[in-house]
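We did not get these values from a lab; they are worked out from the coordinates using the rules stated. Note that the coordinates shown come from a computational prediction; the quantities given were computed from them, not determined experimentally. Here the Cβ positions follow ideal geometry from the backbone for every residue, glycine too, while neighbour counts run over all protein chains shown.
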Amino acid sequence: MNNINCLIVEGNITQNVEFKTTTHGYPVCKIPIAVNHVYKKANSDEYVDEVSYFDIETFGKLAEICAKFSEKGRGVSVVGRIKQNRWKSDDGKNQSRVTIIAEKVEFKPRLNGSAGSKKEVALDDTVDKKELEAKTNLAEKALESTTTEDKQAVTF
């Protein structure tokens, strides 16, 4: 019987990803992320910003997609499991490293323009702006022709 090993983390990619294939030709992509956590100190008005760093590993088709869309600074949400690798160093000491094996990766929208600019958000490289606008117009026209009861059920 397997125990439960599932987690969700959300953070930002800290550097370029490492993409390679195994000796058997299986794609692997390693994504380093930083996860921020802010909390208030007990008996104080001071807030503490705590940063944790994790290595995310993806395999197969997911690895290929992550290699294509990952870039430093981009936000990601990851659903996966924790894996601990253990080995002995050359001097005989026990070593271990914990990684997150991703089962699902969701990329946050990229911000165009200068760092921190929120002028325009691109969904991803594959979305054509004219096509998106046309689909939005069709959705609005369809909404205009619906009844009031139907409109209450629609959310954007």
*Just one of the numbered conditions (1) farther than 15 Å from I100 by Cα; (2) outside any loop (DSSP other than H, G, I, E, B); (3) touching a residue at least 24 places away in the same chain (Cβ under 8 Å) is not true of E71; which one?*
(2)
_Odd one out for S77, checked against (1) without any contact (Cβ under 8 Å) to a residue 60 or more places away in the chain; (2) of a type in the set (S, T, N, Q); (3) surrounded by 10 or more Cβ atoms within 10 Å (Cβ to Cβ)_ = (1)
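Can you go through I31, I82, I56, I8 and tell me which one is surrounded by fewer than 13 Cβ atoms within 10 Å (Cβ to Cβ), assigned to a strand (DSSP E or B), within 12 Å of the chain's Cα centre (by Cα) and touching a residue at least 12 places away in the same chain (Cβ under 8 Å)? Quick ask: steps written out before the conclusion?
Working: I31 fails: surrounded by fewer than 13 Cβ atoms within 10 Å (Cβ to Cβ); I82 fails: within 12 Å of the chain's Cα centre (by Cα); I56 fails: surrounded by fewer than 13 Cβ atoms within 10 Å (Cβ to Cβ).
When all the criteria are applied, what remains is I8.
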